[in-house]
Structure formats: C-alpha cells, structure tokens
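Data block below; observations after.
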Amino acid sequence: MIKRILLLLFFFGNMAMATAQQTQMVNVGDHSLEMIQAGTGEYTVIFESGFGTDYKVWGNVATEIANTNQVLLYSRAGTGKSEPNPKPQTLEAAIQDLTTLIEKANLKAPFILVGHSYGAFIIRGYAALNPDKVKGLVFVDPAHEKLMQELKKIDHAKAVKDVELQNSFMPARFKQENDLINQIFDKATLPDFGKLPQEPAVVLTSVQHRPNPEMFLHEPQGVEVWRKLHTEFFGQFTSGAHLVTANSGHNIHREEPELVINAINQVIQAANKQKARQEHEAKMTALGEKLNKASVLLSKRKEQQAETLVFEALKSSGFGERTINSIAYQQLGNPQTMAVAVLIFRYNTVQYAGSANAFDSYGEALMQLGKLKQAEQQFNKAIELATAANDAATLRNSRNNLEKISQLKKAK
C-alpha cells in the first residue's frame, strides 16, 4: 500500500549496484553523505534519485553508463547511509549538498545531470545556478511544481485526497522534508534559481494505464495533466526529445532502464555535437581575425607578411582542404577580401600539392583577378593531376576554365 500511495512523487526501493564499488562518506558541512564514483570519460553523469530513495535504485542504468563515462551516485541526507541534515532539508539545502559534494569529490565539468521525480527539482536548481558546468539534462518522470494546482482545477477534492493519503503514509523520518516539498506544490513554483541552460535535454514521461487507480493522479485525467505539464516543461529546450512510455510506471529507470540509458547516451551525443560546433565557431572567429589583419597588411603592400600570416593561421586552425577551400571562396565573393582569398587558395596548393581541385580553385581565383597567365598555369597543373588521378570532374572543369581564358584573350 505504501509503495502505491507514494507514486505521486516518490518510490521507496532498493536495488544493488551491478558492480561492486566501495562507497565513501563525504562531509558536506554538518553531516556526511554516502557517495560512489565509477567509470572514466569526458563527462561525469550525476544521478539524483527520487524522494526517500538512495543511490542504489540507479544500479542497472549507472552500471551501463559507467562503461563509457564517469558516474557519481549518492544518497541524499537521511537516505541510505547518509546522515540526516540537522537543519531543515529544504530544496535549497539539497542543492547546496550536491554542490558541496561535487566540490569535495573534486569532480570536473562537464556534467550530465539525471534526475528522477523530486530529483528533477534538484538538478534544475543546480543547472540554473551552474549553467557553464552542465552540458546535458535527463529528466526521468520528473515532478512538476504545478501538478497539484492543475489537478485541483479538475477535481479539487480528489487532488486534496491524494495529498492526504501521501501524508498519512509518510514515514516519520521524511515527514518534515515532505512538508517542505508540499509547500512548493502549494505555491506551484520553485525558488528562483534562474533560467535553465540551453543544453540538450530528454524528458521521459510515464503514461501507464492502471485498471484500478488508487490515486487521482493515476486516473486518465490525472495522467493527461502529468503528460501536459511534461510537454510544456520540455518546450523550453531547443535540443533534445520528449519520450512517452506506457510500459512502465513512475520508476522508468527500474522498469525500463534501457530507455534511461538511451536517453543519457542521446544527450551525450548531442552534447558532443554541440561542443564540436562551438569549437568550430571559435576556430572560425580566430581565423577571421587573422585574415582581417592579413587584409590590412595587403592594403599596405606587405604581401610577404600577409602570406606568412595567412599560412600560419590556416595551419594552426587544423581545418582540412575542403573547409579551407570553402573559406577561400567566401573571401573571393567580397571585393575587399579577394586578395586574401588568393593567398588562401595558394596555401591549399602548397599544403595539398597532389590535389587537382586545389590548383583548379587557385586558378579560378587568379582568373577572377584578371591574372590570366598565372591562372593558366594552375589549370594546366590541375589537368595533369586530375588525369593521373582519373578525376573526371576536375579535369572537365579545368579544361572549361582554359577555354574561358582563351575566349578572354581573343576578346582583348
């Protein structure tokens, strides 16, 4: 009966970790928390359990994730072997405990945060307060501050009865914390921690049908409210997914651990792509600044200094031939940077001396500047390389360009 009642927000359960790891007790001020770390990897995946639940409920999920990433699991104050907080265990206190634990464990960002039920409030608060450290979020059937407000709109009496049932079966050691959480639902708002970072996020929602629901939340109308709130919550993110499942109840991580594992991996993959884009943009910005300096040098007739600057900048950028070629064509489209474009094309012929396309592109730039004799030399070199490489497309293009030069000479 207790387990069924507490599905409104929580689940009391115990699952042994699939791997035998030693827990540590870490002092976070005036109490200590049990913590377990495992795995290695670029990201640290931090698991935040639902109310009244220790770290062990993440066993199946964390064991899999630890194969490719570092993971941190811990039991909040008063759960598992963790000591109770001598002060009121408010949401703010829980977030501060997590913050201190991360510092004491010497964990380095980037972090992927995974929160179940009430744990979603905690990772939301931490992420909003530490946006630069968090690169992904996974919400497992997360609690929502407006839940009771929305349920009361539909049937006030039934919603109040849900709360009363939950309170009546609440173990004494969790009663004070439960009362504090109920205050959040009464206000229908969380403390103002700030906006969540726009990082990849996945929200998992249970819409499991229960033949004989004991709670209004689990009746069809209640489930619809739950789903709607999750949909609205996910709407604030610009990257990620909202996954709905009818095959498991509130404890998706225990009943369908593969869904949570996939969600975490999806967020990590998206975070990697986002990181790659940001690194590319940073490199482009740095290169652009150096190309602008080269343009100034060219305007002062310091050609050799400009070429040296461009060549060094391109080499340090780490960009390949195709990317550099694209950058050069972008520069070629602007009359003020055409001279810089020529230097970029020339760099490719030096760096990729066996590329027919590099010489063909360089020739097109010279031709556009009216340097027909030099352009002709590049096209002939491109034809030589393209013939050897059986590169029909470049061969055809270079021959066409030579024909254009021929027509331009006749026109003169």
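Gyration tensor over the Cα atoms of the range 289-412: the corresponding equivalent ellipsoid has semi-axes (square roots of 5 times the eigenvalues, largest first) of 25, 18, 10 Å.
Here mean projected area of the Cα convex hull in nm² was calculated from the structure, and among (1) 21.4; (2) 28.1; (3) 29.1 it sits at label (2).
Per-residue SASA remark: residue 43, around 10 Å² accessible (1.4 Å probe; ligands, DNA and RNA not included).
A straight Cα-to-Cα reach below 19 Å connects residue 56 with the aspartates and glutamates 34, 48, 64, 83, 97, 141, 255, 256, 258, residues fewer than 8 places away in its own chain not being considered.
Non-local lysine pairs in the range 90-238, meaning eight or more places apart or on different chains, with alpha-carbon distances under 16 Å, amount to 14. Computed with every protein chain present, the accessible area of residue 399 is close to 130 Å² [probe 1.4 Å]. Farthest toward the positive end of the dipole of the chain, out of 127, 345, 235, is the Cα of 345, where the dipole comes from beta carbon charges about the Cα centre. Its convex hull of Cα atoms gives the range 156-234 a direction-averaged projected area, equal to a quarter of the hull surface, of 7.0 nm². The Kirkwood hydrodynamic radius of the range 232-280, based on inverse pair distances between different Cα atoms, is 12.5 Å.
This model, with +1 at the C-beta of Lys and Arg and -1 at the C-beta of Asp and Glu, gives the chain a dipole about its Cα centre of some 1820 debye.
When the charge dipole of the range 243-331 is built from unit charges on Cβ atoms (+1 for Lys and Arg, -1 for Asp and Glu) and taken about the Cα centre, the candidate among 304, 262, 288 whose Cα reaches farthest toward its positive end is 304.
Normalised by the number of residues in the chain, the average gap of Cα pairs under 8 Å and 6 or more apart makes the relative contact order 11 percent. Computed per residue of the chain from DSSP H runs no shorter than four, each worth -39500 (n - 2.57), the mean residue ellipticity at 222 nm is -18000 deg cm²/dmol.
Here the range 184-296 is assigned +1 on the Cβ of each Lys and Arg and -1 on the Cβ of each Asp and Glu. Its dipole about the Cα centre then comes out at about 620 debye. Residues 160, 140, ordered by accessible area of protein heavy atoms at a 1.4 angstrom probe radius and largest first, appear as 160, 140. In loop segments of the range 128-200 as defined by DSSP, the chymotrypsin sites (Phe, Trp or Tyr not before Pro) with at most 14 further C-beta atoms inside 10 Å of their C-beta are 169.
Of the trypsin sites (Lys or Arg not before Pro) found in the range 282-334, those that fall in a DSSP loop while having at most 11 other beta-carbon atoms within 10 Å are 300, 301.
From the alpha carbon centroid of the range 153-208 to that of the range 28-42 is 26 Å. DSSP finds beta bridges in the chain, and of those with both partners inside it, around 25 percent are antiparallel.
Taking 235, 80, 59 as the candidate residues, the one with maximal mean-square fluctuation in a Gaussian network model of the chain, Cα springs under 10 Å, is 235. Rounded to the nearest 10 degrees, the inclination of helix 91-104 to the longest alpha-carbon principal axis of the chain is 60 degrees.
The values are calculated or read from the model by the stated rules, or taken from the named source; none is laboratory data. All figures in this text were calculated on a predicted structure; none of them were measured in a lab. For neighbour counting, all protein chains shown are included, and Cβ atoms are generated from backbone atoms with ideal geometry for every residue, glycine included. SASA here: full protein model, heavy atoms, side chains in, ligands and nucleic acids out. Shrake-Rupley method; radii C 1.70, N 1.55, O 1.52, S 1.80 Å.
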